[in-house]
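Below is one structure, written out as structure tokens, with a few remarks after it.
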Amino acid sequence: IRDIRGDFKSKDISMMVNVSVYTDVQESLKLEIYRYVEEQKNLIRTNIGIFTEASKKRIEKLRLIFERYFSDIDLSWDLVREALKNTYKRIKVVSVNQESTDPLEYRGGDSSKEPISVIVVGGFSLSRGLTLEGLTISYFLRGTLMYDTLLQMGRWFGYRIGYEDLWRVYCPKQLHILFRQFSYVSNCLSSKNRLR
């Protein structure tokens, strides 16, 4: 969808996966995600440009995902399907933790670099201070009761200019409730400060 809107050639795009503080869990999950991504890349590579019934059935799962999560977007599946030909190749999976040697080098303002599409798996590094460029999807299970950590994690939900309708957050219901409570308290404190 972001390719169709013209973002793909000039902007970095990220997905965050933050499920554990343990490095070995992160690395195991990174490997599972890598395998899944490669499986999907192979599916797209071998079926996306072929319009036989067998190929359509193989791609059907992707269509169902599109319709389930992005049915409110004013784009047809056929248009999105065509865009997959351009976009799937550049997806990478990296981990960000104390043991990782994976490079996470965004294009930033450097026009000589190619933009990246990256799935970033991590823990503490993702919760504290690391900015993921073009963050579109956040998937996390790890919560906290500490407001300062919630505040850091809350920056994941920032306003996404140009793709406000695309970003998605997947988290357990209890964590969703904590974020709502924190947002309420934060808004109340901001209102009090403005009144002074």
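The values are calculated or read from the model by the stated rules, or taken from the named source; none is laboratory data. No experiment lies behind these values; they were computed from the predicted model shown. Cβ sites come from the backbone with ideal geometry, for glycine too, and all protein chains shown count toward neighbours. Ligands, DNA and RNA are excluded from the accessible area calculation, which covers all protein heavy atoms including side chains. Shrake-Rupley method; radii C 1.70, N 1.55, O 1.52, S 1.80 Å.
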Exception for Gly49 within (1) closer than 16 Å to Tyr139 by Cβ; (2) in contact (Cβ under 8 Å) with a residue 24 or more places away in the chain falls at (1)
Residue check for Glu67: outside any loop (DSSP other than H, G, I, E, B), without any contact (Cβ under 8 Å) to a residue 40 or more places away in the chain, farther than 25 Å from Ser28 by Cα and more than 20 Å from the chain's Cα centre (by Cα) = no
Select from region 35-54 the residues that are more than 27 Å from Tyr163 (Cα to Cα) and surrounded by 14 or more Cβ atoms within 10 Å (Cβ to Cβ) and list them in ascending order.
-> Asn47
Any residue in region 9-20 that's within 14 Å of Val94 (Cα to Cα): show its pairings with residues that are part of a strand (DSSP E or B) and of a type in the set (S, T, N, Q) at Cβ separation under 6 Å, as long as the two are six or more apart or on different chains.
-> Ile13/Ser117; Ile13/Thr136; Met16/Ser138
Is there a residue in region 27-34 that is of a type in the set (Gly, Ala, Ser) and more than 21 Å from the chain's Cα centre (by Cα)?
-> no
For region 69-81, which residues satisfy the criterion of being open to solvent by less than 30 Å² (accessible area, probe 1.4 Å) and not hydrophobic (A, V, I, L, M, F, W, C)?
-> Arg81
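Just name the residue that is nearest to Arg68 (Cα to Cα) out of those in region 157-196 that are among the basic types (Lys, Arg) and modelled with pLDDT of 70 or more.
Of region 157-196, the ones among the basic types (Lys, Arg) are 160, 168, 173, 180, 192, 194, 196.
Right, trim to modelled with pLDDT of 70 or more and you get 160, 168, 173, 180.
Details: Arg160: 21, Arg168: 12, Lys173: 19, Arg180: 24 Å.
My answer is Arg168.
Please go through region 129-154 and give me each residue that is more than 15 Å from Ile91 (Cα to Cα), at pLDDT 75 or above and either in a helix (DSSP H, G or I) or open to solvent by 20 Å² or more (accessible area, probe 1.4 Å) (or both), ordered by number.
We begin by selecting, within region 129-154, every residue more than 15 Å from Ile91 (Cα to Cα); these are 129-131, 138-154.
Now drop any that are not at pLDDT 75 or above, which leaves 130-131, 138-141.
Within region 129-154, Leu130, Thr131, Tyr139, Leu141 qualify.
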Answer yes or no: is there a residue in region 55-68 that is surrounded by 13 or more Cβ atoms within 10 Å (Cβ to Cβ) and closer than 14 Å to Lys92 by Cα.
-> no
Could you list, in sequence order, the residues of region 86-128 that are open to solvent by less than 70 Å² (accessible area, probe 1.4 Å), assigned to a helix (DSSP H, G or I) and of a type outside the set (Ser, Thr, Tyr)?
-> Arg90, Leu126
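What's the total number of residues in region 8-22 that are assigned to a loop (DSSP other than H, G, I, E, B), of a type in the set (Ser, Thr, Tyr) and open to solvent by less than 50 Å² (accessible area, probe 1.4 Å)?
As a first pass, look at region 8-22 and keep what is assigned to a loop (DSSP other than H, G, I, E, B): 8-12, 19-22.
Applying the additional criterion that residues be of a type in the set (Ser, Thr, Tyr) yields 10, 20, 22.
If we keep only those that are open to solvent by less than 50 Å² (accessible area, probe 1.4 Å) as well, we get 20.
Residues that pass the stated criteria total 1.
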